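*Asks:* There's a structure below that I have some questions on.
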Amino acid sequence: MVLPEKQARYTFADSLSWTEDEHIEIIHGELFMMATPSSRHQEISMAISAQLYNFLEGKSCKVYPAPFSVCLFAQDKDNPENIDTIVEPDISVVCDKNKIDNHGCKGAPDFIIEILSPSTRRHDRLVKLNLYQQAGVREYWIVDPEYNSVQVFLPDTSGFFRIHEDYGQEDIARVNVLEGCFIDLGRVFAE
């Protein structure tokens, strides 16, 4: 991987010149390199994505597994030079088709899932949780492969994420923003 040239502030415009195999996020203009996910991480991602895809087939909401760029705070008329926060959630569900363009999602997805890895544990639990909360994501899941668990975060009346539910390896997890949608974690954490 060829690292982008060092500069003081990065934007979405910079990312458009990088190759597709570079997993990089930009948060408030700062560059964050992302490690290649493990095979277990990918298996979990595919198991959840498949269940979401099957549930959403024929509906207006769509599921997008990584790599998928999300410009969390972008508005329709924003220029790429002005967008300084771009993340790549492991799984995104977007219900407003107007947010989708050729580059990914402009604005907050309705539902985001991050799958923890040793190198992203702190980043996903603190930095991204705060970003998703500020952007108005309606539901955020943190999947922990080490403990075969899922923490579900929903905004409270003030807009702050609170833990709504903790699920274990054999549970059926309810997706709160998708009426009637449940994820069978026994299939997700099967080994």
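*Asks:* Hey, what angle do you get for helix 39-56 against the long axis of the chain, alpha-carbon based, 0 to 90 degrees rounded to 10?
*Replies:* With both axes taken from Cα atoms, the answer is about 80 degrees.
*Asks:* How would you classify segment 29-121 from its alpha-carbon gyration tensor, with a ≥ b ≥ c the square roots of the eigenvalues: rounded for a/c under 1.5, else prolate if a/b is greater than b/c, otherwise oblate?
*Replies:* Oblate.
*Asks:* Where in segment 137-164 is the amide nitrogen less than 17 Å from a point lying 7 Å along the Cα-to-Cβ axis of GLU191?
*Replies:* Correct set: 144-150.
*Asks:* Then there's this: Based on the Kirkwood radius over alpha-carbon pairs, what value in µm²/s does the Stokes-Einstein equation return for the translational diffusion coefficient of segment 75-191 at 37 °C and 0.692 mPa s?
*Replies:* Estimated diffusion coefficient is 216 µm²/s.
*Asks:* What net charge is computed for the residues neighbouring ASN79, neighbours being all others with C-beta under 13 Å from the C-beta of ASN79, Lys and Arg scored +1, Asp and Glu -1?
*Replies:* -3
*Asks:* Would you calculate, for the chain, the mean residue ellipticity at 222 nm contributed by helices, counting each DSSP H stretch of 4 or more residues as -39,500 (n - 2.57) and dividing by all residues, to the nearest 500?
*Replies:* -4500 deg cm²/dmol
*Asks:* Give me the number: length gained by fully extending PHE32 to ARG162, i.e. 0.36 nm times residue separation minus the C-alpha to C-alpha distance, one decimal in nm.
*Replies:* 44.2 nm
*Asks:* From the residues THR157, ILE142, ILE115, which one has its Cα farthest along the dipole of the chain in the positive direction, the dipole being from +1 and -1 charges on Cβ of Lys/Arg and Asp/Glu about the Cα centre?
*Replies:* THR157
*Asks:* What is the extension gain from TRP18 to ASP101, computed as 0.36 nm multiplied by their sequence separation minus the C-alpha to C-alpha distance, in nm to one decimal?
*Replies:* Residue separation times 0.36 nm, minus the Cα-Cα distance, leaves 28.1 nm.
*Asks:* What trypsin sites (Lys or Arg not before Pro) does segment 40-92 have in DSSP loop regions with at most 10 other beta carbons within 10 Å?
*Replies:* In loop regions of segment 40-92 (DSSP not H, G, I, E or B), the sparsely surrounded trypsin sites (Lys or Arg not before Pro) are LYS59, LYS77.
*Asks:* Right, here's the next one. Residues with beta-carbon under 11 Å from that of ILE26, excluding ILE26: net charge, scoring Lys, Arg +1 and Asp, Glu -1?
*Replies:* With Lys, Arg at +1 and Asp, Glu at -1, the net is -4.
Quick note: the coordinates plus some simple rules give every number you see, no bench work behind them. As the structure is a prediction and not an experimental result, all values here were calculated from the model. Every residue, glycine as well, gets a Cβ built from its backbone with ideal geometry; the counts of neighbours run over all protein chains shown.
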